[in-house]
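Since every read-out is calculated from the coordinates, none of them should be taken as a lab result. Nothing here was measured: the structure is a model prediction, and the numbers come from that model. So basically every Cβ, Gly included, is an ideal-geometry build from the backbone, and we count neighbours across all protein chains shown.
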Amino acid sequence: MKTASLVLFLSFFMNFSFAQKKAKDTDKSTPMVIGSIQKIPSKILGEERKISIYLPEDYKQNDTTKYPVIYILDGGVNEDFIHIAGIVRFNTQPWINRFPRSIVVGIENTNRKRDFSFAVPNLDFVEKMGFKKESFPTVGGSAKYIAFLEKELQPYISKKYKTTAQKTVIGESFAGLLATEILLKHRDLFSTYIIVTPSLWWGNESLLAEAPKLLKSGSKNKVQVYVGACNKEEDLTMYNDAVALAEVLKENQENLKQVHFDYMPNEIHSTAIHQAVYNAFKLLYPKTEYQK
């Protein structure tokens, strides 16, 4: 009985191994690669940060062509990197050619509530928004994060890749709060801002209150801004804050190149980012190759 069982097992094993080898021999597939993942040690943040990089398909290290860079704040592979890189690739194909082929840099989060929020005296306001204070154990790190972008990440990308001065930042929700803070306080860091459903309720909307003064006292460099808002019935406060941001930007249009507000009634907070980025590119760069 034992001998028969052993023969049966060996026969099964050999057939299974043969089937595996045959499948391997006939499988002609190759991996589909859309980018690379790199790790950058940050002295400012005191931790290693992971970034995802998409390069245009015609990128060559040895030629003279340079490319704009698009930064995604929620840019991990499991966040918004893959689908936004797809939108960029689509819009930069020769038959579309909405804007120049671009490098996409996605920054993976480690603690987004900490990194994307500015310091506040207390957290009493979060309860008005329906959150518990305990869900914000560490906050107020945006100054360090902005310094990381300016002094470590952007120089790293400029040194390693062939880049132009054109830089876009994309931020949604808490990342939209950070993108707004950069726009108002450090405008020169980017030339295009795509801000989607920003969490401007942070700090009792203090950033909104400061916006007119900051816009007048900040850099005079002309930048492009897109502000997207989702269905107002889902969260009226966030809708009103997005409207207020767009209005104050338009009131100070002399300090900006262009401002677009986009209301998306068919999108909710969790679905807005993809449609908003697609819409933003259409509004900021309205003509394709066959419309120019």
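So, with +1 on the Cβ of K and R and -1 on the Cβ of D and E, and no other charges, what is the size of the charge dipole of segment 197-271 about its Cα centre, to the nearest 20 debye?
Computed about the Cα centre, the dipole is about 540 debye.
Mind giving me the FRET efficiency for residue 143 and residue 287? R0 is 41 Å, r the Cβ-Cβ distance, nearest 0.05 is fine.
0.60
Please tell me which of these pairs span more than 25 angstrom C-alpha to C-alpha: 113/220; 151/222; 213/287?
As for pairs spanning more than 25 Å Cα to Cα, those are 113/220; 213/287.
Where the centroid of each part is defined by its Cα atoms, how far is segment 255-292 from segment 135-161 in Å?
Spelled out, the Cα-based centre of one part sits 26 Å from the other.
Filter the cross-link list 43/257; 50/160; 66/159 down to pairs whose alpha-carbon distance in this structure exceeds 24 Å.
Violating the 24 Å limit, Cα to Cα: 43/257.
Taking a cut-off of 27 Å, what percent of all Cα-Cα pairs in the chain are separated by more than that?
47 percent
Give the cross-link partners of residue 292 among the lysines, using a straight C-alpha distance below 17 Å as the criterion and excluding same-chain residues fewer than 8 apart.
Hits, sequence-local ones excluded: 282.
If the elastic network links every pair of Cα atoms under 10 Å, which of 238, 264, 32 fluctuates the most in the Gaussian network model of the chain?
The residue with the greatest mean-square fluctuation here is 32.
Taking the alpha-carbon distance from residue 216 and a cut-off under 18 Å, which aspartates and glutamates remain once sequence neighbours fewer than 8 residues away in the same chain are dropped?
Excluding near neighbours in sequence, the set is 181, 188, 247, 251, 254.
Select from segment 136-224 those chymotrypsin sites (Phe, Trp or Tyr not before Pro) which occupy a DSSP coil region and have at most 11 other Cβ atoms within 10 Å, ordered by residue number.
Here no loop site has a sparse enough neighbourhood.
So what are the radius of gyration and Dmax for the Cα set of segment 124-252, in Å?
15.4, 47
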